[in-house]
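What follows is a single structure, written as structure tokens, with notes after it.
Only the coordinates and a few stated rules stand behind these numbers; no lab work does. Source: prediction; values computed, not measured. Note that we place each Cβ from the backbone using ideal geometry, even for glycine, and neighbour counts take in every protein chain shown.
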């Protein structure tokens, strides 16, 4: 938590203000420092290294500055996809979820603080525990006719509550249907996410043809 401290008055620091020098506004645990200068700029440093700079946010009237709350650090984000997959997901047992088989063809188009394997396993590498918005669009079909499929997001191999969606193939095995998943799992360093599928009709296999997954870190403060 940041506490209040005024920027030094112009009378006490006229020479420094005229030179546009920085002033130590607040130190956090001896590691992070906030500096403000005459132009109204704010800069966050960690061990003397610039981490964040915001220009023209302070007035030049030399009024006291009050800073409250935590900093919002960079948030992890990832998008990954697979197109025109022809590898089926083998279903050995009815009503038993297994990771979707994407033919080791998952491509990451953007990733910060998260990584994804070609099989679609996402790992969070950030330092702060936070909530993520996880969304996934899926195009799929069952190998046999008239089957009900369930897709869901699993964290560390365990179902994320509220992430289940279902498809029912009503016509024939050539029919491809689409669905979407949205969930907000909490993740800590090393946690994983992966999309699973189960067949609720029989042990028939499933083919996910197209797949897009994003994982977006949410703000850590309000």
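Structural remarks
- When peptides 156-164, 101-109 are sorted by average Cβ neighbour count within 10 Å, with the highest value leading, the order is 101-109, 156-164.
- Structural descriptor for segment 77-217: relative contact order 40 percent, calculated from alpha carbon pairs under 8 angstrom and at least 6 residues apart.
- Full extension of the chain segment joining residue 115 with residue 150 gains 10.1 nm, where the gain is 0.36 nm per residue of separation less the Cα-Cα distance.
- Our estimate of slack between residue 88 and residue 179, defined as 0.36 nm per intervening residue step minus the Cα-Cα distance, is 31.0 nm.
- Estimated inter-spin distance, residue 108 and residue 203, nm [label 7 Å along Cα→Cβ]: 3.6
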